[in-house]
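The values are calculated or read from the model by the stated rules, or taken from the named source; none is laboratory data. The shown structure was predicted, so the numbers you read here are calculated from the model rather than taken from an experiment. Methodologically, a virtual Cβ is constructed for each residue, glycine included, from the backbone with ideal geometry; neighbour enumeration extends over all protein chains shown.
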Amino acid sequence: IKADCIEVLVPEIFQTQGNQRLRPVMKIKRFDRQAKTKKIPENEASTSRLSKTTFDMDSLLSYEWELKIGGETISNREFEKLLQSDQPLVYRNDQWILLNRNELKHIKNALKNKVAGQIKANDALFLGLTNKTYIKQKDKKGKVEKHYGPYDVILTGPIREVVDTLTGKKSLPKRPQPEQLEGKLRPYQLTGFNWLSNMTELGFNLCLADDMGLGKTIQVIAYMLQQREALRSSSKYFNYKVLVVCPTSVIGNWKRELSKFASSLKVNKFYGPTRANDLPKLTEYLSENEVIITSYGILRRDVKLLSLINWNAVILDESQNIKNYKAKQTKAAYELNAKSKICLTGTPIENHLIELWSMFHFLNPYLLGSRKKFINRYVIPVEKMGKNEDTERLRNTIMPFILRRLKTDKNIIKDLPEKNEIKLFITLSEEQKLLYEDVVKSSLDKLKVLEENENAKQIERSGIILKTLMKLKQVCNHPDQALHQHFNPDQSESIKKFVNKSGKLKRLIEMLEEIIESGSKILIFTQFTEMGDFLVKTIETIGKIKVLYLHGGVPQHKRDQMVDQFQNDTHYEFPIFVLSLKAGGTGLNLTGANIVLHFDRWWNPAVEKQATDRAYRIGQKQNVTVYKMISNGTVEEKIDKIIEQKKELAEAIVSASGEKWITDLSNSELKDLFTLEEDI
């Protein structure tokens with residue numbers, strides 16, 4: 001009838017969830033003799049409106065099944081009397097009651113000897129978050145024949161307080177940002193910091209999944225400072241220990257961010273051949289340092305040692321690195337012991353639901369159960385059968401533990417600057433480091449010979465310096481670019497090996513996954529046509545996506561076509577536009593992009609600004625995020641520091657002379673500028 005657009009009014013008695021239906025309800029409460037609680041330190045209790053005890057997931061609770069009609073509980077005696085009636089409708093207390101006698105008899109048999117009992121707190125938490133439970137009917141062999149339900153779950157006591165907090169019915173206490181944080185959190189970042197602090201205090205591990213560019217790192221740094229201060233206040237002798245695991249290419253970036261925003265924290269890396277290799281050495285190392293940064297590769301190799309430490313917190317940056325539960329580095333992450341665990345990612349799920357299970361098995365393994373149970377409960381019903389009720393149940397279960405904000409959210413946009421510039425400090429690969437040092441040594445040797453030759457001309461010296469500068473830029477981009485080796489993705493060399501040769505390229509590919517996931521559009525600028533070719537071939541091979549590429553050899557009509565394709569891309573076919581700095585740096589309107597990335601540096605602020613303004617200009621309706629990639633310890637980082645330290649003077653000099661000012665430096669100054677400084 002409804003299919004024919006005819007409104008149907010159904011009396012409540014005939015509605016599945018109606019008040020005039022007899023329904024079982026599961027009631028869960030504290031099991032006093034076995035319940036465990038954990039005290040909140042007095043210093044924290046004073047600033048918290050939460051209960052002075054947090055619930056222990058290892059505790060036991062009591063449950064009992066009750067039979068309700070509307071809000072009224074009926075006795076077992078009355079239930080038996082109702083079952084004896086052979087009528088589907090029973091008149092009771094001045095109203096008609098609908099009985100599904102067959103279902104109620106099966107429920108009675110299924111609950112035999114299980115009307116009341118004990119339940120683990122983690123199972124009770126799951127039921128509380130979904131607010132639904134089912135009754136299983138099993139055959140003589142113990143195999144489930146049928147599920148009845150869903151039926152309501154009622155929580156009382158501390159577990160109710162916890163679930164109300166998780167589901168937002170009870171607000172989290174608001175805390176000011178830590179005094180030792182050397183920076184100001186934006187309003188949404190303060191919300192993230194409060195969420196991290198309060199939820200981990202309750203004993204839950206979390207995933208901060210903010211959109212790229214919203215500042216996940218500073219929120220976690222603020223959390224570290226607050227956690228350390230709480231530990232210091234509660235204990236005269238304390239040893240604060242945090243392990244940060246991240247891709248090798250961003251270890252240096254983590255060190256810089258911690259130094260910038262939390263200089264009071266003692267930070268070091270756990271990386272390289274000289275790292276501690278046994279427990280006494282590691283213990284001594286940790287007595288001198290508070291935050292230890294390592295890579296997923298080192299975690300995989302040294303997990304037996306790292307798992308011996310009870311960390312105050314373990315932070316997994318780019319946690320999509322543990323999406324494959326079979327991978328060695330994922331299994332290594334599972335073995336780490338910590339009071340708190342936090343995942344940072346812009347893409348909590350990339351392809352399949354099992355990736356979500358893998359992350360939660362690291363964070364809160366009790367929540368989603370075993371892998372087999374998760375596949376049967378969610379993967380098959382949701383991915384294979386598209387069942388909406390199972391999708392909703394999964395969402396209700398995990399969402400309290402994931403905080404995700406997007407740059408497109410109205411509440412976030414108002415807190416963001418219209419143009420947000422971010423420097424990405426990238427670690428060179430081992431191959432890049434060796435090649436970089438070879439180029440520097442060869443060039444300095446040539447300059448020394450020229451210095452000893454009285455007849456040598458300045459123009460020769462300038463030529464060597466500018467050539468060295470260009471070569472070092474190419475090494476920082478990709479060793480194959482510096483060696484002029486052609487890249488063909490169809491050849492035997494794997495694309496993964498090619499990407500891993502370059503810290504920048506590896507980081508870019510990781511970022512693009514997140515950018516595509518968020519529906520953003522990006523302009524990638526490089527001053528080298530050869531590097532542009534590398535970028536296009538790599539992205540198209542890995543991402544299976546068409547990349548627009550504008551360089552000096554593109555004719556005008558084709559150039560106009562590319563701009564039109566990018567600007568009027570209603571089907572999101574062309575989210576990535578690679579441009580050479582000279583050909584695409586001026587004269588174009590590319591406001592379809594909300595992300596700009598400078599893969600290599602021109603070191604002329606005016607030129608870089610012109611390129612950025614292809615997106616950040618009149619007609620732009622989105623906030624623009626600008627990323628500038630800088631290789632750690634290289635000439636890129638050193639010249640960037642010079643420009644930042646004397647910005648006004650540097651802009652005047654560099655804008656007028658390009659890179660020629662570097663040729664006026666002495667050999668000693670050039671050695672300092674060119675020499676690679678080990679950052680990790």
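Of the helices (runs of 4 or more DSSP H) entirely within segment 370-424, those holding at least 2 residues that are among the β-branched types (V, I, T) occupy 388-398, 410-413. Taking the listed residues L483, L466, L505, the one that is within 24 Å of I349 (Cα to Cα) and in the same structural domain as V624 (by TED's automatic domain parsing) is L505, with no other qualifying. Residues in segment 624-638 that are buried (at least 20 other Cβ atoms within 10 Å of the Cβ) and not small (G, A, S): V624, T625, V626, Y627, K628, M629, I630, N632, T634, V635, E636, E637.
Residue by residue, here is whether (1) under 20 Å from K29 (Cβ atoms); (2) modelled with pLDDT of 85 or more; (3) under 44 Å from the mean Cα position of the chain (by Cα); (4) outside any helix (DSSP H, G or I) holds:
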| residue | (1), (2), (3), (4) |
| --- | --- |
| S62 | yes, yes, yes, yes |
| I97 | no, no, no, yes |
| L104 | no, no, no, no |
| N109 | no, no, no, no |
| N122 | yes, no, yes, no |
| V153 | yes, yes, yes, yes |
| T165 | yes, yes, yes, no |
| K174 | no, yes, yes, yes |
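Candidates in segment 318-339 are the residues that are touching a residue at least 40 places away in the same chain (Cβ under 8 Å) and of a type in the set (S, T, Y); of these, the one that is surrounded by the fewest Cβ atoms within 10 Å (Cβ to Cβ) is Y325.
Yes or no: L394 under 25 Å from H147 (Cβ atoms), aliphatic (A, V, I, L, M) and crowded, with 16+ Cβ neighbours inside 10 Å? For L394, the condition - under 25 Å from H147 (Cβ atoms), aliphatic (A, V, I, L, M) and crowded, with 16+ Cβ neighbours inside 10 Å - is met.
Residue count for segment 214-249, restricted to those that are in contact (Cβ under 8 Å) with a residue 60 or more places away in the chain and within 14 Å of the chain's Cα centre (by Cα): 8.
Conditions (1) closer than 16 Å to Q620 by Cα; (2) assigned to a loop (DSSP other than H, G, I, E, B); (3) modelled with pLDDT under 90; (4) not hydrophobic (A, V, I, L, M, F, W, C), marked per residue:
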| site | (1), (2), (3), (4) |
| --- | --- |
| T570 | no, yes, yes, yes |
| V578 | no, no, no, no |
| A593 | yes, yes, no, no |
| V596 | yes, no, no, no |
| R601 | no, yes, yes, yes |
| V607 | no, no, yes, no |
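Of all residues in segment 508-534, exactly one satisfies the criterion of being hydroxyl-bearing (S, T, Y) and either part of a strand (DSSP E or B) or not assigned by TED's automatic domain parsing to the domain that holds T634 (or both), namely T526. Checked against the criterion of being among the polar types (S, T, N, Q), within 29 Å of H361 (Cα to Cα) and buried (at least 16 other Cβ atoms within 10 Å of the Cβ), segment 108-123 contains one or more residues that satisfy it. Please enumerate the residues belonging to segment 252-291 that are of a type outside the set (S, T, Y), surrounded by 13 or more Cβ atoms within 10 Å (Cβ to Cβ), over 19 Å from G183 (Cβ atoms) and in contact with a helix residue (DSSP H, G or I) (Cβ under 7 Å, 6 or more places away or on another chain). Within segment 252-291, K269, F270, A276, L282 meet the criteria.
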